[in-house]
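For reference, the structure discussed in these notes is given below.
The values are calculated or read from the model by the stated rules, or taken from the named source; none is laboratory data. Values in this document were obtained by computation on a predicted structure and should not be read as measured data. Counting neighbours? That spans all protein chains shown, and the Cβs are built from the backbone with ideal geometry, glycine included.
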Ligand code: MOS
C-alpha cells in the first residue's frame, strides 16, 4: 500500500484539525498580553493629510499610542516591489508622508488595550485632508496610459511573430471585438491579520502568508534587521489565492507598534479595509482580432490589453504571454498597456494573467466558430499545436484535444443544436458553451529537511504552505512513497520561516517543486540505508537496487530488512537529510534568491528550450429566463490534463473550486467603483457577490491521463490555477448560445441581457 502513495487519494492529513478547530490560524495563536491595533484609512483617493487631531482619540480609555506619518517618518525602509524582484506589494511605504495615493490607504494606526477601545479611538481620530480630483480608472481624466514595455524599462517585450496586420487584411474570415473584465477583490474567509511580538531584539510575525520566507526577508529589509532575527509563522491559511503572496503595508506598522509599546500587538483588519490594504485583480479592457482561412486555420491574432494600476506601481499581469501561445498562428501581434489611476496597487489573484485574457481569446474563438459555421471544438482542433508559435518551442506535452474529446463525450456536447436560441425548457432558454483552459507549469528552487527516526517515523520540514489546497497531504504522500512508510508515520511541518526555504505558494508550483526536493532527500536516506545494509541480511545485494517498501529495505529477490534494523546499522540515531533542488532550466542563482526570499519561478510557457503548461476543456450549461433574463448554471464540467496527479481527491477539489470560482467571476463578482471619488462601493460580502452552494448544482471534474517526465522527474504540472481560467468564456459562449446575445463584458448580469 505505501508504495505508489503518489497517485492515491488519502483524506487530508490536516482535515481533522481543521474541522475540529485545533488548527490554529495566525490570528488564533495566543500571545501574552497583546495590545490591539485598529487601522484608520483615508477618506479620499488623492490629496494630502493636512491635519490629524489626536486629542479626542487619546482620551478614549485604554488608547496607548497612535501611529501617523508624523511619528513614523523614516521608520520603514524600501524593500523593493514584489513584481520587480523585491518584497512589497506596493512601492508606497506605510505612513511615509502626508500624501494620499488612493482611497482606503492607511493613514493611522490606533493602539489600545482592547480591540473595542482601539476601534473607538480610530473613530475619534480626526483626519483632515486637502482633496484633489482623483482618476478612478478607465475614461477618467488624469489617468495615465503607458505601454507595459516602457513601464518595465526593458524587462518586458510584447510577444509577436510575423505580420498580423497584413495577414488580417487578406484573411478569409475575421472577427474583431472589445472585451472588458472588472475589478475583483479577494475575500478570503480569514481576514487580513497580523500579530507582532519582540523578544530580545528578535521579531516574530504571525500572519497568514503564502510566502513566509519572502515576508521574513521583506520585513527585515524594511526594518533594517538581519533576517535571522525575524520569524514568520503561518501554519494554516484561511484563503489566499494571491492575496497573501507579497508583503503589504500593515505588517511593518504592526511590528513598529509592538516595538514602541514593548508588548505584542495584534491587528485584525475589517472586511472593508481588506479591499484597500491588500491587493486585488485589476480591471482590464481588451481588443482582439482574429483572422482565419475558410477552414478555420488561424492566420492572424492580435491581442491588446490595458490594465488599471496605482499611480506609482507599474503592476501588470500581461496575459497576452499566454494567449499568444495558445494556438498555432503564423502572425501574432500583442500589446499590453497599463493605466495609472488613483487606486491601490493590484496584485495576484488566482490565475492572474489567464483569467481576464483567456476570457477575451476564448470568447473571440467562439465568435470565430459562429462566423465560420464551425463546431467550436473543431475550430480548436484545427488550430491545435505541439509548438508554441512565438519561438516555436515544443510543448513538453499538451493534451488539449484529449480533454475536449473526453469532456465533450461526458457532457453530451453532440446533443446540442448549434443554432443560437434554439434550445428551450419551458420559460428557460438553454445554452451550452465550452472553452479551453491553460495554466503554465511553473517550478521553483526548493529545499527540505527529512528526518527518519530509529523507530521508523519520518518528519518533513519545509517552509512551504498549505493555502487550503492540500499541500500537507501531498508532501506527506511524497515522503511516504520515498521512504516506503505508511502515511500516518509521516509528519509534515510547514508555514514557518525557521524551516528550510520553499517557494511562494503561488503560480501553482508548490506540489511539483516541493515534492521533487522531498523525494530527493528520501533518496539520499535510502542510499545511506542501502550502503549500510551490506553487513546484514541484504549482504551482497547491489545497494542501488535496494528499495524502501512497506517499512523495509528490500532487494529485488524479496529479501528484506525492517527499516528500524537498517537504521541501527546506518546510524546511531536519526538520519537527517537536507536537500536543495534547482529545477532544470532555472538559473543557478535561483537557490540563493530562494534563501533571500526573493525567488522567481521558472518560465512555464516562456522558456528557452521548451514550453510547459497544463491544459483542459471546460463545458457549461446555462439557463436564461426568457422574461427576467436571470442566468442559472445547472452544470459545469471540466476535463483536465496536468501531468501526474499526486492526489486525485485534493486535485479534484482544487479544480472544482476553480470551476465554481470561474462561474462566480462570469456571473457575479465585480467591485463597483464610485467614479467621482475613486472609491469601492460594495466593499463587503453582502454586496460583493460570490458563488454559494445554491448556485452550484452539478460540477464534474475529469482527469485525462498524461505522462510527462520532461517537466520534472515526478511528472507533476500543478493545477491549482487551472480550473478557473476557461470558465468565464465558456459561460459567455453558453449565454450566446442560449440567447443569441454576445456579452463581452463581465460579469454577465440581468442588465447585460435585457
Ligand atoms: Mo495564486 S495567484 O497565489 O492563486
Given the conditions (1) closer than 28 Å to residue 397 by Cα; (2) within 16 Å of the ligand (Cβ to nearest atom), every one holds for residue 478 apart from (2)
Going by the structure shown, is residue 689 within 22 Å of the chain's Cα centre (by Cα), assigned to a loop (DSSP other than H, G, I, E, B) and surrounded by fewer than 18 Cβ atoms within 10 Å (Cβ to Cβ)?
-> yes
Tally the residues that are assigned to a helix (DSSP H, G or I) and surrounded by fewer than 24 Cβ atoms within 10 Å (Cβ to Cβ), restricting the search to the range 490-518.
-> 1
Odd one out for residue 723 among (1) more than 16 Å from the ligand (Cβ to nearest atom); (2) part of a loop (DSSP other than H, G, I, E, B); (3) closer than 27 Å to residue 404 by Cα | (1)
Could you tell me whether any residue of the range 441-453 is surrounded by fewer than 24 Cβ atoms within 10 Å (Cβ to Cβ), touching a strand residue (DSSP E or B) at 6+ places or on another chain (Cβ under 8 Å) and not in a strand (DSSP E or B)?
-> yes
Would you call residue 714 in a loop (DSSP other than H, G, I, E, B), more than 16 Å from the ligand (Cβ to nearest atom) and free of Cβ contacts under 8 Å to residues at least 60 places away in the same chain?
-> no
The range 519-558, subset part of a helix (DSSP H, G or I) and free of Cβ contacts under 8 Å to residues at least 12 places away in the same chain, residue nearest to the chain's Cα centre (by Cα) | 545
Criterion (buried (at least 19 other Cβ atoms within 10 Å of the Cβ) and assigned to a loop (DSSP other than H, G, I, E, B)) met by exactly one of 190, 141 = 190
With the first residue restricted to the range 12-35 and required to be in contact (Cβ under 8 Å) with a residue 60 or more places away in the chain, and the second required to be surrounded by fewer than 16 Cβ atoms within 10 Å (Cβ to Cβ), Cβ contacts under 7 Å at 6 or more apart or on different chains are 23/17; 35/113
The range 166-182, residues that are in contact with a strand residue (DSSP E or B) (Cβ under 6 Å, 6 or more places away or on another chain) and either within 16 Å of the ligand (Cβ to nearest atom) or part of a loop (DSSP other than H, G, I, E, B) (or both) | 171, 181
Inspect all residues belonging to the range 290-301 and state whether any of them is buried (at least 24 other Cβ atoms within 10 Å of the Cβ), within 16 Å of the ligand (Cβ to nearest atom), at pLDDT 95 or above and at negative phi.
-> no
Of the listed residues (238, 218, 214), the one being part of a loop (DSSP other than H, G, I, E, B), touching a residue at least 60 places away in the same chain (Cβ under 8 Å) and either within 16 Å of the ligand (Cβ to nearest atom) or in contact with a strand residue (DSSP E or B) (Cβ under 7 Å, 6 or more places away or on another chain) (or both) is 238
